[in-house]
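Notes to accompany the following structure.
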Amino acid sequence: MKKSTKILGLGAALSLLAVPAFAQETAEYTQFILNSLLFLIGGFLVFWMAAGFTMLEAGLVRSKNVTMQLTKNMALFSLAGIVYYLLGYNLMYPLGNWSIGTDGTGGYLGAFGVAVLEAVGVGPDGVDDLSYASTGSDFFFQLMFAAATASIVSGTLAERIKLWPFLIFTVILTGLIYPIQASWKWGGGFLDSQLGFLDFAGSTVVHSVGGWAALAGALVLGPRLGRYTKEGRVVPFPGSNLPLATLGTFILWMGWFGFNGGSQLAMGTIGDVADISRIFANTNTAAMGGALAALVATQLLYKKPDLTMILNGALAGLVSITAEPLTPTLGEATLIGAAGGVIVVFAVPFLDKLKIDDAVGAIPVHLFAGIWGTIAVLFTNPDATIKGQFLSIIIVGVFVFVVSYIVWTILKLTVGIRVSEEDEITGLDMAELGMEAYPDFTRS
């Protein structure tokens with residue numbers, strides 16, 4: 001045999017040996033690309049929920065307060081992003097010790113980035129583009145959840161809270177309160193490791209947290225002027241633009257596919273993609289169940305359907321399925337969402353009886369339905385335990401409510417959180433901002 005032939009044969013053999021390694025590397029890169037794509041697509045869908053919250057609130061408040069709601073939502077989202085970058089992300093994933101910086105290594109993305117890099121065998125001194133991109137996509141995705149939590153509070157306290165004290169609370173909520181409790185579950189903390197708490201995408205970790213913070217704020221702030229009479233009657237304050245509120249609801253509905261679907265956290269296998277498809281289907285049908293249940297319930301109770309209840313019923317259905325959107329069947333998901341819709345119909349007048357004024361119904365949707373959704377995990381996921389679910393709900397609720405109440409009280413006693421009666425009657429648009437959303441309709 002010629003020498004050249006031997007060399008060719010040896011090269012062919014070596015190439016065959018290299019095929020499995022090459023295939024494995026290709027699979028890893030493909031999986032990375034698909035996983036990162038899920039984070040990015042899910043992230044911008046949840047980002048779009050900021051528009052949904054804004055339009056929903058703008059439609060449900062009175063005309064004289066619309067510009068303030070638009071301003072608050074723009075400001076809170078921007079503030080949440082900066083504060084979560086500076087502080088929240090590190091607190092939420094306390095698994096490493098990288099300092100915050102912009103050195104091009106990914107270190108500015110905080111502790112979870114360290115965990116990701118260590119998992120693939122890359123340290124701070126040898127960060128490659130692949131690892132950096134992984135932490136970047138995750139940071140972007142997780143940031144949107146923090147911002148959504150703050151948006152929940154905005155609607156409840158509408159029409160009587162000052163802008164800057166609200167934004168100060170937003171900083172504390174997104175920089176400290178939200179990430180600390182989220183670390184107990186999603187950061188590998190004791191709710192996850194010791195109690196076995198299950199909350200897939202955040203019925204408790206996100207939605208009830210926003211609800212507890214909003215409830216504390218509503219109690220400290222008090223109801224809007226004229227909302228409740230001395231005789232105990234509730235005075236309706238019709239929203240300024242129901243088409244806008246409906247649009248906001250559909251935007252939130254669409255964004256929820258990223259909220260729940262992205263929380264699968266992986267799209268690199270056939271099984272992951274199959275799970276994401278089930279999550280999408282269950283998320284959608286839960287919203288349908290919530291809307292229809294609210295439609296029927298208001299027809300039976302009030303003899304006429306109530307659009308605002310139907311909108312919040314759909315959102316309550318979405319919140320309800322968020323704790324476990326994967327394991328239920330379509331029928332179970334529909335019933336879970338429908339229960340959320342019914343909860344809203346009864347919770348809104350219940351709060352009014354207690355004279356707790358929620359301008360857009362955020363507490364029934366996010367707090368009450370969030371608690372229900374977390375409990376509903378017990379019915380569809382055999383890994384859930386009564387102790388793990390109920391005790392975690394209580395721990396998170398007590399922590400968020402107490403800390404929020406203290407913060408609201410301090411703000412009230414120092415800078416003040418409520419506008420004057422004169423400004424509230426005039427409307428926050430002109431009193432606080434000097435501009436109106438609908439000048440052609442509100443000026444004579």
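Data overview
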{"read-out": "Residues located in the stretch 377-389, provided they are crowded, with 16+ Cβ neighbours inside 10 Å and either touching a helix residue (DSSP H, G or I) at 6+ places or on another chain (Cβ under 7 Å) or farther than 22 Å from residue 333 by Cβ (or both)", "value": "377, 378, 380, 384, 389"}
{"read-out": "Filter pass, residue 322 being touching a His at 6+ places or on another chain (Cβ under 8 Å), of a type in the set (Ser, Thr, Tyr) and in contact (Cβ under 8 Å) with a residue 40 or more places away in the chain", "value": "yes"}
{"read-out": "Residue 332, sole failed condition from (1) crowded, with 24+ Cβ neighbours inside 10 Å; (2) over 18 Å from the mean Cα position of the chain (by Cα)", "value": "(1)"}
{"read-out": "Which numbered condition residue 206 misses (of (1) closer than 30 Å to residue 272 by Cα; (2) in a loop (DSSP other than H, G, I, E, B); (3) out of contact with any Leu (no Cβ under 9 Å at 6 or more places or on another chain))", "value": "(2)"}
{"read-out": "Residue 244 modelled with pLDDT of 95 or more, of a type outside the set (Asp, Glu) and over 29 Å from residue 390 (Cβ atoms)", "value": "yes"}
{"read-out": "Test for residue 179: is it out of contact with any strand residue (DSSP E or B) (no Cβ under 9 Å at 6 or more places or on another chain) and under 19 Å from residue 400 (Cβ atoms)", "value": "yes"}
{"read-out": "Residues of the stretch 258-288 that turn out to be assigned to a helix (DSSP H, G or I), among the polar types (S, T, N, Q) and either out of contact with any helix residue (DSSP H, G or I) (no Cβ under 6 Å at 6 or more places or on another chain) or without any contact (Cβ under 8 Å) to a residue 24 or more places away in the chain (or both), as a count", "value": "3"}
{"read-out": "Some residue of the stretch 165-172 being of a type in the set (A, V, I, L, M) and crowded, with 24+ Cβ neighbours inside 10 Å", "value": "no"}
{"read-out": "Filter result (modelled with pLDDT of 90 or more and either surrounded by 22 or more Cβ atoms within 10 Å (Cβ to Cβ) or touching a His at 6+ places or on another chain (Cβ under 7 Å) (or both)) within the stretch 126-142", "value": "141, 142"}
{"read-out": "Some residue of the stretch 219-242 being within 30 Å of residue 355 (Cα to Cα), under 21 Å from the mean Cα position of the chain (by Cα), in contact (Cβ under 8 Å) with a residue 12 or more places away in the chain and part of a helix (DSSP H, G or I)", "value": "no"}
{"read-out": "Which listed residue, of 78, 4, 63, 36, is surrounded by 10 or more Cβ atoms within 10 Å (Cβ to Cβ), modelled with pLDDT under 90 and of a type in the set (Gly, Ala, Ser)", "value": "36"}
{"read-out": "Of all residues making up the stretch 289-327, the number that are part of a helix (DSSP H, G or I) and either surrounded by 18 or more Cβ atoms within 10 Å (Cβ to Cβ) or touching a Cys at 6+ places or on another chain (Cβ under 8 Å) (or both)", "value": "24"}
{"read-out": "Residues of the stretch 390-432 that turn out to be buried (at least 19 other Cβ atoms within 10 Å of the Cβ) and within 18 Å of residue 224 (Cα to Cα), as a count", "value": "8"}
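The values are calculated or read from the model by the stated rules, or taken from the named source; none is laboratory data. Note that the coordinates shown come from a computational prediction; the quantities given were computed from them, not determined experimentally. Reconstructed Cβ throughout: ideal geometry from the backbone, glycine too, with neighbour counts over all protein chains shown.
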